[in-house]
Amino acid sequence: MERKEYVFKQVAAGEGIDATVWYKAETSTTAKPIVFYVHGGNFIVGHKDLLSPDYAETLLNLGFGAVVSPNYRLSPTISAYDGAVTDTRDAYNWTINKLPAQFAQDTGVKLDPQRIVAFGHSAGGTLALLTASSPEPPKAILDIFGMKYLTDEFYYTPNPALAKIPDFDQDFLDKIFAENPPPNGAPPPFGPKGPDFSKCRAAWLFDSMKRGTFLKGVIPDGKYDRVDPATIFSSSFPPTYFIHGAADTGVPARFSEKAHAELKEKGVETELVIVDGAAHNFDAGAKPGDEKFAILEKGFKFLKAHV
């Protein structure tokens, strides 16, 4: 398995936003389908390399020609709509309209942009679902514990699961607003022993989640409908597979249960897997052959069945 780096978008001051494309070097006369992946991190942390290489390789072994993983600009110095949503939409459109010709020239691998699927973790699941609003929507979507129904009171209520998070000095938290231009990626907020609160970005994330102010901070204009995939659910929505941990306190499983039921009522092909005892990010570190990996692999096979 190999990887190539591309810049899919230029933003202010000539800064480029990049994407990694995973592939297997082989010459084929048959164009292969594409996987579009979006990383999570509450729109505040994370980067394109959070995609597990084992996941990418499994997808390639299923017959996909490329797995595309883009970065996007992180909040709160840019809103989730202007950053994550807009950049992901532009990355998706670039994957369909620009990548295939360039990729064939660079690697000899032919891609079929008409056969594209999308998946993502957490906020990346939200962004993957939003690709359904594209003029050329994906053939199927895999949402792994993604946020949905963003006007629900859960997101605006202090989270008791985070009650033990310490209080931080406001001046320290406000240092995040000095990070301009907005970063295209940031490390996950966890160190070897748990959350790394020496970083203002990690502290700001957990503090806002603890207080129930997170979404207000990343969607300051209050236009939640532009970021909420539940507002675009319809009878023409792509086939969708939901995976969610029953013990998820960051994004409760009831949101995936509700989305699954709503899409099913609209006649959309949809499947729901609730994982007993599993928390948010339950598949972190999953390896081929273990139980957690097998859960994700079934979702990957759902994607492949639709292209």
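So the values come out like this:
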read-out: Bridge type composition, the chain - antiparallel percent by DSSP, nearest 5; value: 40
read-out: Residue among Asn159, Asn180, Asn281 with the largest mean-square fluctuation in a Gaussian network model of the chain, springs linking Cα atoms under 10 Å; value: Asn180
read-out: For region 219-283, with +1 on Lys and Arg beta carbons and -1 on Asp and Glu, the positive-most of Ala230, Val275, His244 along the dipole; value: Ala230
read-out: At most 15 other Cβ within 10 Å, DSSP loop - trypsin sites (Lys or Arg not before Pro), region 1-89; value: none
read-out: Dipole-positive endmost among Ile165, Asn71, Ala140 within region 68-173 (Cβ charges, Cα centre); value: Ala140
read-out: Taking all pairs of distinct alpha-carbon atoms in the chain, Kirkwood radius in angstrom; value: 19.6
read-out: Rg to Rh quotient for region 260-307, alpha carbon positions, Kirkwood Rh; value: 1.04
read-out: Kirkwood hydrodynamic radius over Cα pairs of region 186-249, then Stokes diffusion coefficient at 20 °C and 1.002 mPa s, in µm²/s; value: 144
read-out: Förster radius 22 Å - calculated FRET efficiency between Ala104 and Met1 (Cβ-Cβ, nearest 0.05); value: 0.75
read-out: Net charge contributed by nearby residues that have their C-beta within less than 13 Å of Ser75 (K/R +1, D/E -1); value: -1
read-out: Estimated FRET transfer efficiency when R0 is 41 angstrom, pair Lys301-Gln10 (beta carbons, to 0.05); value: 0.65
read-out: Estimated dipole of the chain in Debye, rounded to 20 [Cβ of Lys and Arg +1, of Asp and Glu -1, Cα centre]; value: 400
read-out: Sorted largest first, extent of region 187-307 alpha carbons per principal axis (Å); value: 46, 43, 25
read-out: Scaled radius of gyration (Cα, divided by 2.2 N^0.38 Å) that region 1-121 gives; value: 1.03
read-out: Net lengthening on full extension, Lys175/Asp112 (0.36 nm per residue, minus Cα-Cα); value: 18.3 nm
read-out: Label point distance in nm, Lys193-Tyr156, each placed 7 Å from Cα along Cα→Cβ; value: 3.8
read-out: Helix-only [θ]222 nm of the chain, DSSP H runs n ≥ 4, -39500 (n - 2.57) each, per residue, nearest 500; value: -8000 deg cm²/dmol
read-out: Glu291-Lys216 pseudo-label distance in nm [points 7 Å out on the Cα-to-Cβ vector]; value: 4.0
read-out: Region 100-172 shape via C-alpha gyration tensor axes, a/c threshold 1.5; value: prolate
read-out: Which of Val85, Val38, Val268 has the fewest Cβ neighbours within 10 Å, and the rest in rising order; value: Val268, Val85, Val38
read-out: Debye log10 I(q)/I(0) at q = 0.10, 0.14, 0.18 Å⁻¹ for region 137-261, Cα point scatterers; value: -0.39, -0.75, -1.15
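FYI, it's all coordinate maths here, none of it is from the lab. Values in this document were obtained by computation on a predicted structure and should not be read as measured data. Because the Cβ atoms are built from the backbone with ideal geometry, glycine has one as well, and the counts that use them run over all protein chains shown.
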